[in-house]
Structure formats: C-alpha cells, structure tokens
Amino acid sequence: MLTDSATLESLRQHHLFGRLPEAPFQEMCHLAIHRRLENGDTLFHQGDAADRFYLLLEGQVKLTRVLPEGHEKLVEVIMPGQSFAEALLFSGARHYPVAAAALKPSSLVSIDGSHYRRLLEEQPKICLDLLASFSIRLHQRLNEIDTLTLANASRRVVRFLCQEQEAGNGHIQLNVPKRLIASQLGIQPETFSRILHRLMDAGLIAMERRKIRVLDTPSLASYRE
C-alpha cells in the first residue's frame, strides 16, 4: 500500500494515473507496492509471469533481451518518471519478453496489472491517453529498427548521435555506460569508442567525459566511412 505523499504525487503527474478519479486511484494505490533495488538487482527475468507494471521514481533500470543466438541485447534504459511493461496489459502476453535490472540504486512503484486494466474498463476516456503513449513508444521502436538495419557501424553511431542531439536540443548527455549504448546499437563497445574518436578527429564532435557537443551537424548527418 502506498501512503507517501511524494510518491502519490509522482503517480498523479504521470499520464497513466493522472486522470483516474480519486476513488479508483486510491484503490489502485492500496494494491501497489513501493520497491527499492540496489545496483545490479534484478526486478524480473525474461519469461517471468507478466502480472505487474512499474513506474520508476529514482535511479535507472535497464531492459534487456536474450536473443536466440544467446547474446544479450539492451532494449531500453528507463529513466525516472517513465513507466514500463504497461503495454503487456493489452497485448495478451503472459510473460515478460525482457528482463529488468537496476543500473544504479533505484526506487519504483509496482502496480497490479489486472486490477489497473479493470479500472480502465470503467474509465474508457483514459484509454485515449494510453494510445498516445503507445504511439510514442512505437515510433521509438521503429527508429531503433531503422538504425539497426544500417549495416555500417559508423552510420548506426551517427544516426544515434543525430537522434540524441535532436531530443536534447543540441546537447548529448550519455546517461548510461558506453557498453550499454553499444549493445543497443548492435556493435561492440570498442567499436563504439573507436567511431567516436574518428568523429572527433574529423572535427565533427567534441567530447568531455559523458557530454558530446556536435560541431558540424550537416557534416555529421552526411558522414560516411
């Protein structure tokens, strides 16, 4: 049961819960659980029963999937304020298609999925907000697929930088380790680092620790190797 006022306010500010009437909202909070994870702790494994979804309050959680050939692929890094696994409520999937683990000490809310779905059935107008959220997620997945279809590793990195630059209003902040970004791009960590250095040597980007500044956007976008 959730009683902390700050946690309740965080839920109310999220689009999945902000429009719930007070009585259903309190009913949901009564069944919700506040979870804390230490760095490296597993929240759920790929293939576990998908009976709950989550809202991250603090920290970082990585979603990974083991591919048929045995390699682990980073799917997404969840940041504070983001929810995850909620789409499974409507897909009919009974098991998590990914694993979730903390990248740093994290605080999150665990919500009973079947109960939340019953609440939505009584509040159909809220479903329009959910459709908008799922549309955004789908657009992100399509962008990732487009990136991964690029055979050239350099083009994958360039596309990633251009997307991050646009999302960050010109600034790129690497909020997760480079090895995880490399995994998301389907390349080796040393390949990712080597390409970044080539872009710096070409005068296209400047990098200071985890901050990247694009020096020549048109040339970066058209970069070929």
Subject >> P(r) of the stretch 150-221 over all Cα-Cα pairs, binned every 5 Å from zero, in whole percent >> reply: 3, 17, 30, 31, 16, 2
Subject >> Nitroxide proxy distance, nm - points 7 Å out along Cα→Cβ at Gln163 and Glu122 >> reply: 3.9 nm
**OP:** Compute the long axis of helix 153-167 from its Cα atoms, compare it with the longest principal axis of the Cα atoms of the chain, and write down the angle in degrees, 0 to 90, nearest 10.
**Re:** 50 degrees
**OP:** Report, in whole Å, the centroid distance computed from the Cα atoms of the stretch 46-105 and the stretch 150-194.
**Re:** 21 Å
Original post:
Hey, what angle do you get for helix 189-201 against the long axis of the chain, alpha-carbon based, 0 to 90 degrees rounded to 10?
Top reply: 50 degrees
Original post:
Taking R0 as 22 Å, what's the FRET efficiency between Ala87 and Glu9 from their Cβ-Cβ distance, rounded to 0.05?
Top reply: 0.35
Original post:
So how do Ile212, Ile111 line up by other beta-carbon neighbours within 10 Å, fewest first?
Top reply: Ile212, Ile111
Original post:
Which percent of Cα pairs goes in each bin when the distances of the stretch 1-117 are cut into 5 angstrom slices starting at zero?
Top reply: 2, 11, 22, 24, 20, 12, 5, 2, 1, 0
Subject >> Kirkwood Rh in Å, taken over the chain so that all alpha-carbon pairs contribute >> reply: 19.2 Å
Subject >> On Cα atoms only, tilt of 113-122 relative to the major axis of the chain in degrees >> reply: 70 degrees
Subject >> Cys162, Cys127 arranged by Cβ crowding within 10 Å, fewest neighbours leading >> reply: Cys127, Cys162
Subject >> Residue order, fewest to most surrounding Cβ atoms within 10 angstrom, among Val66, Val61 >> reply: Val66, Val61
Original post:
Contour minus end-to-end for Glu27 and Val66, with contour as 0.36 nm per residue of separation and end-to-end as the Cα-Cα distance?
Top reply: 10.4 nm
Original post:
List the lysines whose alpha-carbon lies under 21 Å from that of Lys73, not counting same-chain residues fewer than 8 positions away?
Top reply: Lys62, Lys104, Lys178
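We did not get these values from a lab; they are worked out from the coordinates using the rules stated. Remember, predicted model here, so these are calculated numbers, not experimental data. Reconstructed Cβ throughout: ideal geometry from the backbone, glycine too, with neighbour counts over all protein chains shown.
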